[in-house]
Amino acid sequence: MKINNQSYTALSMLSGQHDNVSIFLWLKGWLRSANFTPPKVVISDQSLALMSALVQSFTQYNFFEKYLNICFSIFKEKNNSEQKIPTCFIRNDVSNFVHLVSQWQPLKTSKYPRTKQLFCRAMCLLISCKNMDEAKKKILEAIFVIAFIKYDGPCINTSNNDDDRDVQTESAFAQSKKKLQSLITLTSSTVDDIINNFNKYDCEILESYYEEIHVVNVNVTSFKH
């Protein structure tokens with residue numbers, strides 16, 4: 001509930017059952033009991049059960065996978081049919097997403113703190129991408145190279161010349177690492193910057209569409225309207 005630009009918890013789901021069906025039934029009952037209009041924007045954590053229930057409750061789609069496919073096709077600009085645009089935009093909370101990335105086991109157990117920083121910031125770059133080409137060619141490729149190559153440092157090529165000098169070349173790991181570091185530096189994409197930008201985006205939505213849009217923050221245990 002929003003009063004004087006402040007959000008207050010209107011109702012809480014006090015239940016030990018947090019499966020898809022239970023959350024869906026609770027949400028539908030919540031809408032009916034208070035005669036609420038289904039929201040146009042929902043900010044959620046990454047619980048699959050919760051996101052699936054939100055899709056069934058607030059959009060015209062009955063399956064989470066269908067919702068994702070429609071959103072992906074719109075993102076790729078292959079299908080601009082307004083009839084298929086979801087009636088509710090479900091967005092993952094950015095700070096929650098970044099926290100989950102930081103908890104990936106390889107990052108938690110890494111001996112080098114800068115490894116976690118690099119991957120968290122690289123994932124933040126993905127969040128801020130405007131198109132698939134930018135994501136795949138500039139960021140995802142570099143992330144996968146760094147993640148799967150075991151060795152860092154230059155490549156040493158043994159020379160067949162008479163002077164017997166070895167030739168050092170930059171490895172794919174080093175090139176990808178420099179590419180990501182350069183992108184992070186150029187876009188000033190620190191974790192806080194990304195989170196603040198999305199929070200600002202939410203405020204802009206509220207200001208622009210205050211009379212016709214409903215924004216709901218949800219997690220598994222509480223709902224705000």
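Here is how the numbers come out for the structure above:
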quantity: Extension reserve of the GLU141-TRP30 stretch, reckoned as 0.36 nm per residue once the Cα distance is removed; calculated: 35.6 nm
quantity: Ranking of SER33, SER176 by count of other Cβ atoms within 10 Å, fewest first; calculated: SER33, SER176
quantity: Fully extended contour minus Cα-Cα distance, from GLU65 to SER182, at 0.36 nm per residue; calculated: 38.6 nm
quantity: Rg in Å to one decimal, and Dmax rounded to a whole Å, for the range 82-136 via C-alpha atoms; calculated: 14.9, 51
quantity: Likely footprinting exposure, ASP93, ASP19, fewest C-beta neighbours within 10 Å first; calculated: ASP19, ASP93
quantity: Of LYS108/LYS179; LYS108/LYS130; LYS84/LYS137; LYS66/LYS150; LYS66/LYS111, those spanning more than 32 Å from alpha-carbon to alpha-carbon; calculated: LYS66/LYS150; LYS66/LYS111
quantity: Cα→Cβ-extended label distance, 7 Å offset, between ILE85 and MET132, nm; calculated: 2.0 nm
quantity: Sorted by Cβ density within 10 Å, fewest first, the residues PHE89, PHE75, PHE148; calculated: PHE148, PHE75, PHE89
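Values quoted throughout were computed directly from the atomic coordinates according to the rules given, and no laboratory measurement underlies them. Given the structure is predicted, the values throughout are model-derived calculations rather than measurements. When we count neighbours, we look across all protein chains shown, and the Cβ atoms used for this are built from the backbone with ideal geometry, even at glycine.
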